[in-house]
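Below: one structure, written as structure tokens.
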Amino acid sequence: MGSKRDIFIAALILLGLWELSALLLDSIALPEPWLVVKDIGRKLADGSLLDDLAISAARALLGILLALTAAVPLGLAVGAEESLRRRISPFIYLLYPIPHVVLLPLIIILFGIGNFSKIFLIALVVFFQILVTTRDAAKDINRNYFYAMQTLGASRWQMYVHVIMPASIPKIMTAMRISVGTSVAILFFVESFATTRGLGYIIMDSWGRSDYVSLYTGIGSMAMLGFSFYLILDRIEKRLCRWTPS
Amino acid sequence: MINVRSVNLCFDHQTVARPVLQDISFQIPPYGSCAIIGPSGCGKTSLLFLLSGLLQPDSGEIVIAGTPNCGTILQNFGLFPWKTVYQNIGLGLVLQRKKKSFIQERVTRLLREMGLGGFEEHYPGQLSGGMQQRVALARALATEPEILFMDEPLSSLDALTRERLQNLILDVWQAKRITAVLVTHSIEEAVFLGRRIIVLSKRPGRILRIVDNPGAGEPDYRQSEYFFHQCGILRETLKGEENGQQT
Ligand SMILES: Nc1ncnc2c1ncn2[C@@H]1O[C@H](COP(=O)(O)OP(=O)(O)OP(=O)(O)O)[C@@H](O)[C@H]1O
Ligand SMILES: [Mg+2]
């Protein structure tokens, strides 16, 4: 991800560009960044932002975890078992390109308008991203590894534990990184209806009230949320992929 | 005793079956050593896969007396990059669900024997080629095999390391009383390590010649006149094949 110093510099440059654009545009739709930073600081300090941040974080995280637990085992099996791959891949190719957010009305009818529908929609979109990457990772494992396992007398299950799973982890981590971006985007969508909590709600609500500083507070918080997820992923990857040359 | 009788093997290439090995017959006595040599692509790896049961012949049969425990070192890629040296060596035992203390004792001994002490927590990608070869050898030996199959275990090593590891293989073969089968590109290696040497033709691989080489197994065989004599025979046989003659 780059050193702490590099990230700090990048953040400063972005704020600088923002400030410049705000001055040039001179529009209430783009307030100056220091106003927004001050607003975030105040709302973090008095705790009013924390609730929404936590709720959004929980929705995104649960959505990703739900997708992960379903997509990784399925993706590994479909990638590694040729008969499954032949049967299941056509379904994946037909279902993957659909914009899954259009299923929202159906999901609401099935699961109501509560939190579960929101989490489910995030999970659904992210599921396909992880599934496709995991399947391709498991499919492309050099077959010499399987021969080597066979000479050691491995069972099919042991192949999964000792070869298919560990060999696929680096690509699964890449898929997770893409999923974080996606999940935050879907988060905004699902929090724009039937809720009064979460960063997406803050954005929609401020927009309605033409409170642009609050609007950007919501956007900035979403960026911070995504960034924290990346930090966590980096930690996990360092632990799981010590063997990859970095 | 390993008995190979009239074995044929084909690979499908764009739906056409192309012969890879033709009418291969030979025997390896118990506790013997056998070197398989031949031009690149002639089917040496395929023959080793047949011997170790990873492939089945299209016709003919391979009979191995008893049901011995086998260890195999594959050409390249034998080691798992996501496992440490320790985990790689112990893997066969883990798969057999051996006790942790048993595995630790065995792996520690092999690490010492192979001169890998202190590297147990390294990953294969962090080791030199020669060390990786020794890890592969240690892993194949961990389950105490009665037959050891090796596919070019010493290719891509410098001459000195190569000779050192040839001596190591020789020690292992004699100390552990195993049957050793070795695929190699190198004439000197075949003569140094193989009591019996199978010379294969260009693809499709047929047996050009079987050279009995009772001198193999002596550490100073390399210096003897007979060694050079045997190397000369192999060289002539392989060169004749290159010129398209049938020997
Ligand atoms: N799985 C496979 N499917 C189809 N053809 C194969 C397969 N494996 C090997 N071959 C072909 O069979 C022939 C023999 O291959 P093999 O690997 O046994 O040769 P080799 O003597 O070990 O070569 P080298 O010395 O380069 O290792 C080659 O021409 C190769 O292209
Ligand atoms: Mg080969």
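The values are calculated or read from the model by the stated rules, or taken from the named source; none is laboratory data. This one's a predicted model, so the numbers in the text were calculated from it and none came from an experiment. Here the Cβ positions follow ideal geometry from the backbone for every residue, glycine too, while neighbour counts run over all protein chains shown.
Listed values, structure above:
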{"read-out": "Single condition B:S101 does not satisfy, out of (1) within 14 Å of chain A (Cβ to nearest Cβ); (2) in a helix (DSSP H, G or I); (3) away from ligand 2 (no atom under 16 Å from the Cβ)", "value": "(1)"}
{"read-out": "Some residue of the range B:180-188 being assigned to a loop (DSSP other than H, G, I, E, B), at pLDDT below 95 and within 16 Å of ligand 1 (Cβ to nearest atom)", "value": "yes"}
{"read-out": "So A:D26, is it over 25 Å from the mean Cα position of the chain (by Cα) and either buried (at least 18 other Cβ atoms within 10 Å of the Cβ) or at positive phi (or both)", "value": "yes"}
{"read-out": "From the options B:G60, B:G38, B:G43, residue that is more than 13 Å from the chain's Cα centre (by Cα), at pLDDT 90 or above and surrounded by fewer than 21 Cβ atoms within 10 Å (Cβ to Cβ)", "value": "B:G60"}
{"read-out": "Failed condition for B:K83, given (1) within 14 Å of chain A (Cβ to nearest Cβ); (2) at positive phi; (3) away from ligand 2 (no atom under 16 Å from the Cβ)", "value": "(2)"}
{"read-out": "Odd one out for B:N8, checked against (1) in the same structural domain as B:G194 (by TED's automatic domain parsing); (2) within 16 Å of ligand 1 (Cβ to nearest atom); (3) surrounded by fewer than 21 Cβ atoms within 10 Å (Cβ to Cβ); (4) closer than 29 Å to B:G129 by Cβ", "value": "(4)"}
{"read-out": "Subset of the range B:39-74 [in contact (Cβ under 8 Å) with a residue 60 or more places away in the chain, within 8 Å of another protein chain (Cβ to nearest Cβ) and within 16 Å of ligand 2 (Cβ to nearest atom)]", "value": "B:S52, B:T72, B:L74"}
{"read-out": "Sole exception among (1) closer than 15 Å to A:T151 by Cβ; (2) more than 8 Å from every other protein chain (Cβ to nearest Cβ) for B:Q96, by number", "value": "(2)"}
{"read-out": "Any hit, the range A:232-240, residues being in contact (Cβ under 8 Å) with a residue 24 or more places away in the chain, closer than 23 Å to A:L66 by Cα and within 14 Å of chain B (Cβ to nearest Cβ)", "value": "yes"}
{"read-out": "Positions within the range B:11-52 being closer than 28 Å to B:E144 by Cβ and within 11 Å of ligand 1 (Cβ to nearest atom), in sequence order", "value": "B:I36, B:I37, B:K44, B:T45, B:S46, B:L47, B:L48, B:F49, B:L50"}
{"read-out": "Single match in A:I141, A:I130, A:I122, A:I113 (criterion: touching a residue at least 60 places away in the same chain (Cβ under 8 Å), of a type in the set (A, V, I, L, M, F, W, C) and within 14 Å of another protein chain (Cβ to nearest Cβ))", "value": "A:I141"}
{"read-out": "First in the range B:82-98 and closer than 19 Å to A:T244 by Cβ, second anywhere and of a type in the set (K, R) and outside any loop (DSSP other than H, G, I, E, B), Cβ under 6 Å, 6 or more apart", "value": "B:N88/B:R139"}
{"read-out": "Qualifying positions in the range B:175-189 - within 16 Å of ligand 2 (Cβ to nearest atom) and over 14 Å from B:P30 (Cα atoms)", "value": "B:L182, B:V183, B:T184, B:H185, B:S186, B:E189"}
{"read-out": "Segments classed as helices (runs of 4 or more DSSP H), wholly inside the range A:1-117, with at least 3 members that are within 29 Å of A:D234 (Cβ to Cβ)", "value": "A:4-25, A:33-45, A:48-80"}
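So that you can scan it fast, the table gives a plain yes or no per residue for (1) away from ligand 1 (no atom under 16 Å from the Cβ); (2) assigned by TED's automatic domain parsing to the domain that holds B:E189; (3) modelled with pLDDT of 95 or more; (4) at positive phi:
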site	(1), (2), (3), (4)
B:L54	no, yes, no, no
B:V94	yes, no, yes, no
B:E113	yes, no, no, no
B:S156	no, yes, no, yes
